[in-house]
Amino acid sequence: DAGVTQSPTHLIKTRGQHVTLRCSPISGHKSVSWYQQVLGQGPQFIFQYYEKEERGRGNFPDRFSARQFPNYSSELNVNALLLGDSALYLCASSLTGITEAFFGQGTRLTVV
Amino acid sequence: QKEVEQDPGPLSVPEGAIVSLNCTYSNSAFQYFMWYRQYSRKGPELLMYTYSSGNKEDGRFTAQVDKSSKYISLFIRDSQPSDSATYLCAMSNSGGSNYKLTFGKGTLLTVNP
């Protein structure tokens with residue numbers, strides 16, 4: 001069975017640009033969460049979606065937005081990129097959002 | 001004070017050693033406790049998932065939760081070089097805000113052959 005898949009795996013963007021990251025959850029999972037992990041730190045919660053509705057949002061600016069599609073895949077959008085947005089962006093899927101969360105391999109974003 | 005504290009290490013042990021990894025937390029509402037293993041430049045891999053207090057064993061791994069002390073542990077028996085990775089503890093609430101995981105910083109473990 002396919003696990004959580006994220007695309008692209010690596011990305012380089014310039015300050016001020018916009019980026020879209022994509023995630024496909026494990027088949028049958030209805031919840032997708034996004035996390036940001038900077039080097040040397042644990043992942044930080046950005047968003048969770050369940051059944052296409054936003055269930056929670058972490059302490060991130062409005063430049064960050066996300067959505068979930070009818071097939072439960074999700075995308076994370078970041079506008080007006082800053083150097084500090086450089087990080088590994090992780091997507092996690094779970095059956096309901098309060099059970100075990102399984103992570104994808106991440107998208108490594110570098111902002112120059 | 002951070003909600004979850006984890007010693008970042010690094011921790012270096014010989015092959016075959018018993019490894020003990022620990023986290024402390026301050027939020028008494030945490031009910032779900034997880035350990036993830038993360039290899040360099042990869043996503044976290046779920047190792048153990050426990051609810052409330054007690055022990056859980058899976059092969060060479062044992063997770064312990066002591067809610068009275070707000071302390072969780074992961075033990076690795078007969079450690080192998082392939083166990084070399086960063087180990088992350090994670091926790092979540094029960095109830096209205098149980099949608100997010102709060103992570104420690106991770107402990108970097110090296111198992112030397």
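The values are calculated or read from the model by the stated rules, or taken from the named source; none is laboratory data. Please read all numbers here as calculations on a predicted model, not as lab measurements. In this analysis, Cβ positions are derived from the backbone assuming ideal geometry, glycine residues included, and neighbour counts consider all displayed protein chains.
Collect the residues in the range B:65-90 that are closer than 18 Å to residue B:1 by Cα and within 11 Å of another protein chain (Cβ to nearest Cβ), keeping them in residue-number order. Passing the criteria: B:89, B:90. Filter the range B:91-113 for residues that are facing chain A (nearest Cβ under 8 Å), buried (at least 21 other Cβ atoms within 10 Å of the Cβ) and at pLDDT 95 or above; which is nearest to residue B:29 (Cα to Cα)? In this case the residue turns out to be B:103.
Hey, does the range A:94-109 have a residue that's under 19 Å from residue A:42 (Cα atoms), acidic (Asp, Glu) and in contact with a Ser or Thr (Cβ under 9 Å, 6 or more places away or on another chain)? Scanning the range A:94-109 turns up at least one residue that is under 19 Å from residue A:42 (Cα atoms), acidic (Asp, Glu) and in contact with a Ser or Thr (Cβ under 9 Å, 6 or more places away or on another chain).
Checked against (1) within 14 Å of another protein chain (Cβ to nearest Cβ); (2) more than 24 Å from residue A:97 (Cα to Cα); (3) crowded, with 16+ Cβ neighbours inside 10 Å, residue B:62 passes all but condition (1).
Answer yes or no as to whether residue B:73 is within 10 Å of the chain's Cα centre (by Cα) and among the polar types (S, T, N, Q). Yes.
Does residue B:49 fit the bill of being outside any loop (DSSP other than H, G, I, E, B), at the interface with chain A (Cβ under 10 Å from one of its Cβ atoms) and among the aromatic types (Phe, Trp, Tyr)? Spell out the reasoning first.
On the way: outside any loop (DSSP other than H, G, I, E, B): yes; at the interface with chain A (Cβ under 10 Å from one of its Cβ atoms): yes; among the aromatic types (Phe, Trp, Tyr): yes.
So residue B:49 passes the test.
Select from the range B:65-84 the residues that are surrounded by fewer than 21 Cβ atoms within 10 Å (Cβ to Cβ) and in a strand (DSSP E or B) and list them in ascending order. Within the range B:65-84, B:66, B:71, B:73, B:75 qualify. The residues of the range A:53-85 that are more than 18 Å from residue A:29 (Cα to Cα), at pLDDT 95 or above and among the charged types (D, E, K, R), listed by number, are A:62, A:63, A:85.
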